[in-house]
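As structure tokens, the structure follows; a few thoughts come after it.
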Number of protein chains: 2
Amino acid sequence: MFTMEQPSPAVAEAPPRVLAAQLPEHIGQTVRVAGWLHRLRELKSVAFLVVRDRTGQAQAVIAESAVREIVAELPEESIVEVIGTATANTAAPGGVELTAPTVRVLSQAERPPFDLYRPALRAGLATMLDHAPVSLRHPRRKAALRIGAAAIAGFAGSLSGEGFTRVQTPKLVGTATESGSSVFGVDYFGRRAFLAQSPQFYKQTMVGVFERVFEIGPVFRAEPHDTVRHLAEYTSLDAELGFIDDYRDVAEVCVGTIRAMLANVAESAEAELSELDVTLPVVPERVPHIHFTDALAMAAEATGEDVTGVNDLSPAHERLIGAWALAEHGSDLVVVSGYPMSKRPFYTAPDPARPEYSDSFDVLFRGTELVTGGRRLHLYGDYVAAIEARGESAEAYSGYLEAFRYGMPPHGGFAIGLERFVAQLTGASNIREVTAFPRDLHRLTP
Amino acid sequence: MFTMEQPSPAVAEAPPRVLAAQLPEHIGQTVRVAGWLHRLRELKSVAFLVVRDRTGQAQAVIAESAVREIVAELPEESIVEVIGTATANTAAPGGVELTAPTVRVLSQAERPPFDLYRPALRAGLATMLDHAPVSLRHPRRKAALRIGAAAIAGFAGSLSGEGFTRVQTPKLVGTATESGSSVFGVDYFGRRAFLAQSPQFYKQTMVGVFERVFEIGPVFRAEPHDTVRHLAEYTSLDAELGFIDDYRDVAEVCVGTIRAMLANVAESAEAELSELDVTLPVVPERVPHIHFTDALAMAAEATGEDVTGVNDLSPAHERLIGAWALAEHGSDLVVVSGYPMSKRPFYTAPDPARPEYSDSFDVLFRGTELVTGGRRLHLYGDYVAAIEARGESAEAYSGYLEAFRYGMPPHGGFAIGLERFVAQLTGASNIREVTAFPRDLHRLTP
């Protein structure tokens, strides 16, 4: 019934597997490497077989005709095991190659829909995404995901070190109250439930428990946008902290966290940065802050436009502010504070001195918004007033508001979209390029 | 419009905040502590005010009547800021108390639905869950969540160290194919989507990319169970690795990962273990393995029952095997291998020597199943055969099967339910006690 190969007695006595990156430590020894057939080049006298494993690539030089027959016409991506002598050769990748090898095919692949051994995938985005299980094996696509993994580890490690507790809050929620944008509905045991658009309410609630919390998890946005920056499901890196004075305390933690994420990427994804030709951003000791009104005035002066009544920054404005931050302050990051209250969600705290402006901020990264954060309301009465000002009943928010009934400190937080962070860092033109299995208006598979 | 307090000039010059746990370093100094009013005890001559922050509790002794008036009748959980002299007193919690304090109320709470200062919450489970934003502040409930956070960090840290890459795979999926149990349906831009029951298909696919992957994320089960062990949404700790020989390679990583999780809990949640009187399990260097058939025979001998035709272990059998592992091998963990294929999902690989039994395992923790894992099929033809044997069409699985078309190594993995792990570790009688906001047949809020 099953066509699985049985390990042969010979294999049972085979040397333990050596990873491609470890080969230089085994020169002169008989070693076993195993992985994907990355590329086969058949020359007249020899064949070069490049095996890819999780650490890199290893080349085997096959001269013996019996072995050449095994690999002849073998499609790339087949799983192979190669036993041979690790031999120094400065012309080989990594300075080592396997000579006099034997080859065993563990799983024969079909011919892949595109060549993974080329420096860049020769496929359109749609084809790449349709064949994600294969295209993700390309070094450039892998690299973006590895950078994301390193960014997450930096996020979690840095916040844990600052006394934040990791929490998991529910993605199935009973009400669709957080914001005006669309949510996905779920059939929940015959009732209506929704997918959480963010852990906002719950992370605030958990400030009441742990003071400082973070969460790494999926969020769901049923926004019918078809842009290069939006996904229907993405990974949100959320943090929230209590006992703050104003937005500056939040922005300080936020910038420190981004710095730690970048440091961890630099440390643990060096090869991946190089694969994607990424230059890490400059984040100086002091990242510039600019108030929304000053940012808008600066942009108006540069473009000559009339910004009377304008209550948000356009992408063009953001690019100008980003350029200013780099030119004047040597920083790829800039904190823009004090966006008008009308543009912020209802739980946002106003600036006590200028209540039409919020005590919140965005972080622009190379001129594009990366983070939104700020101080939140923390008094029960303020929530009731803010919700009623929207024409809604506080009753619909009773689960959320319970935290504020029973004592909540001044607090605030921020959220970083992981995929957007990676896209901006790597200069991807479409967020889907750095997302393993993107979900959008049109795409639900693979 | 807003009732927010403004920081007063006096506060702006207040000393920086000191956390409760740091007080012993500040004896003799004027310090500021801030947190929740954990308990107020009013005696004739003085009042004792205990403030709770993220590191512990600090006591202030109030003699001055003007200050006593501020706190008189102040409900517990109100947010207070106390400035006073840190004074050594062996009778005080932590050996320090604040004397001659001033108190500022940052947010006055309503009277909580139960007393958080008592050693155990005097509320039924339903009340506790209905008021989760408050009940989670109790030291015992907090402790369980902190233990969970430490377990996650141990899981991620250990696997990262073993060359595993963290991945995020979609929770919105296009087909409800993984198993026979129920899934939640989602309205997805006018189409039907489903919530992922597990990252199984995707983590296998990602073995094709990174060889070794792990994921920490929510999974969704629309099973109408109303038991103390089931949730409709929980956190799954998943790992999957390529280039294995058999289930033993997976079980070895699994046991090593559990050991690392426990070690990290011991290291970073020591106070929480003590709060919950938890004795960490014994995991010896060599954890015993027993084959399903031997486990069943052993259980039959102990109970005298006829197990002819029995193809699973009952909870009573599991308890017997757990007791045997502890008595004979000094281990709180035991690996049971070779469950009948009929009890395992279709992607499970059979034992080549006895194909009616699977090359898979469960880990029992103190006599209760904690982990399910094993080797998977890895050849495309085997998947097609297994799916067709279920009377289904391989076409419905095309996204999943693409990974196998294009070369997949022998591989396997395992999944640990975080909340179940914490419940078993802490001896909670109901998994909801260790879940911040449980979701089940009846509960969707808060």
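All of the numbers you see were taken from the coordinates with simple rules; none came from a lab. What you see is a predicted model; the values in this text were computed from it and never measured. Ideal geometry is used to build each Cβ from the backbone, glycine not excepted, and the neighbour counts take in all protein chains shown.
Name the residues whose placed amide hydrogens come within less than 5 Å of the amide hydrogen of A:T348, ignoring near sequence neighbours (fewer than 5 apart) on the same chain.
Correct list: A:L377.
Rounded, prolate or oblate: pick one for the range A:313-446, where a ≥ b ≥ c are the square roots of the eigenvalues of its C-alpha gyration tensor, a/c under 1.5 means rounded, and failing that, prolate if a/b is larger than b/c, else oblate.
Taking the square roots of the gyration eigenvalues as a ≥ b ≥ c, the range A:313-446 is oblate.
Using only Cα atoms, what is the ratio of the radius of gyration of the protein assembly as shown to 2.2 N^0.38 Å?
For the protein assembly as shown, the normalised Cα radius of gyration comes out at 1.01.
Within 10 Å of each Cβ in peptide A:106-116, how many partner chain Cβ atoms are there on average? Round it to a whole number, please.
Going residue by residue through A:106-116 and averaging, the value is 4.
How charged is the neighbourhood of A:V18? Take every other residue with its Cβ under 12 Å from the Cβ of A:V18, and add Lys/Arg as +1 and Asp/Glu as -1.
That sum, taken over residues with Cβ under 12 Å, equals -1.
Counting other beta carbons within 10 Å of each Cβ, put A:F361, B:F243 in order, fewest first.
Least crowded to most crowded, the residues run B:F243, A:F361.
Find every distance from the label point of B:P355 to the corresponding label point in the other copies (7 Å from Cα along Cα→Cβ) and write them in nm, one decimal, shortest first.
Result for B:P355, in nm, nearest copy first: 7.7.
Using helices alone, I'd like the mean residue ellipticity at 222 nm for the protein assembly as shown: each DSSP H run of four-plus residues gives -39500 (n - 2.57), total over residue count, nearest 500.
-9000 deg cm²/dmol
What are the semi-axes of the equivalent ellipsoid for the range A:132-434, taken as the square roots of 5 times the Cα gyration tensor eigenvalues, largest first, in whole Å?
One finds semi-axes of 29, 25, 19 Å for the range A:132-434.
How do A:V422, B:V46 rank when sorted from fewest to most other Cβ atoms within 10 Å of their own Cβ?
Going from least to most buried by this count: B:V46, A:V422.
Residue by residue, what Karplus-based ³J(HN,Hα) values in Hz, rounded to whole numbers, does the range A:159-173 have, using 6.51, -1.76 and 1.60 with θ = phi - 60° and x for Gly and Pro?
5, 4, x, 9, x, 8, 9, 6, 10, 10, 10, x, 9, 9, 10
Can you tell me, using C-alpha contacts under 8 Å and at least 6 residues apart, the relative contact order of the range A:121-267 as a whole percent?
Relative contact order, the range A:121-267: 26 percent.
Considering only DSSP beta bridges whose two residues both sit in chain A, what percent are antiparallel, to the nearest 5?
About 90 percent, rounded to the nearest 5.
Applying a 10 Å radius around every beta-carbon, put B:277-286, A:289-298 in order of their mean neighbour count, most first.
A:289-298, B:277-286
Would you mind listing the distances between the A:E267 label point and the same position in each other copy? Use 7 Å along Cα-to-C-beta, nm, one decimal, shortest first.
Shortest to longest, the spacings are 1.4 nm.
Tell me, what HN-Hα J-couplings in whole Hz come from the Karplus equation 6.51 cos²θ - 1.76 cosθ + 1.60 at θ = phi - 60° for each residue of the range B:335-341, using x for Gly and Pro?
With the stated coefficients, the range B:335-341 comes to 9, 9, 10, x, 4, x, 4 Hz.
Sort shortest first the distances from A:V310 to its counterpart in every other copy, using label points 7 Å along the Cα-to-beta-carbon line, and give them in nm.
Result, one decimal in nm: 7.6.
Just to verify a number: FRET efficiency for B:A63 and B:E110, C-beta to C-beta distance, R0 = 30 Å, to 0.05?
0.60
In peptide B:131-144, how many Cβ atoms from other protein chains are near each Cβ within 10 Å, on average?
Going residue by residue through B:131-144 and averaging, the value is 4.
Quote the relative contact order of the range A:132-434 in percent (integer), defining contacts as alpha-carbon pairs under 8 Å separated by 6+ residues.
About 21 percent, as a whole number.
Any idea how far the Cα center of the range B:148-167 sits from the one of the range A:192-219, in Å?
So the separation of the two Cα centres works out to 22 Å.
With an 8 Å Cα cut-off and a minimum separation of 6 or more residues, compute the relative contact order for the range A:9-107 in percent.
29
Where is the GNM fluctuation largest for chain B (alpha-carbon springs, 10 angstrom cutoff): B:S65, B:S331, B:S342?
The residue with the greatest mean-square fluctuation here is B:S65.
List every residue whose amide H lies under 5 Å from the amide H of A:T55, counting only residues 5 or more places away in sequence or on a different chain, with H placed 1.01 Å from N in the peptide plane.
A:A20, A:A21
Please list A:117-124, A:269-276 highest first by mean number of surrounding beta-carbon atoms within 10 Å per residue.
The packing order, highest mean first, is A:269-276, A:117-124.
For chains A and B related by rotation, which residue of A has the Cβ nearest the axis, and what is the rounded distance in Å?
That would be A:V186, 3.
Given axes a ≥ b ≥ c from the Cα gyration tensor, I'd like to know whether the range B:9-107 is rounded (a/c under 1.5), prolate (a/b larger than b/c) or oblate.
rounded
Residue by residue through the range B:294-302, which ³J(HN,Hα) values in whole Hz follow from phi under the Karplus form 6.51 cos²θ - 1.76 cosθ + 1.60 (θ = phi - 60°), with glycine and proline marked x?
Karplus values, whole Hz, x for Gly and Pro: 5, 5, 5, 5, 4, 5, 4, 5, 5.
To the nearest 20 Debye, how big is the dipole of the range B:9-107 about its Cα centre, given +1 on the beta carbon of each Lys and Arg and -1 on that of each Asp and Glu?
My answer is approximately 120 debye.
Roughly how crowded by other chains is peptide B:432-438, in terms of the mean Cβ count from those chains within 10 Å of each of its Cβ atoms?
3
Taking the Cα centre as origin and putting +1 on Lys and Arg beta-carbons and -1 on Asp and Glu beta-carbons, what dipole magnitude results for the protein assembly as shown, to the nearest 20 debye?
180
Taking the beta-carbon count within 10 Å as an exposure proxy, list A:S268, B:S358 from fewest neighbours to most.
A:S268, B:S358
Tell me whether the range A:292-350 comes out rounded, prolate or oblate; compute the Cα gyration tensor, take square roots of the eigenvalues as a ≥ b ≥ c, and use a/c under 1.5 as the rounded threshold.
It is oblate, given that a/c is not under 1.5 and a/b is not larger than b/c.
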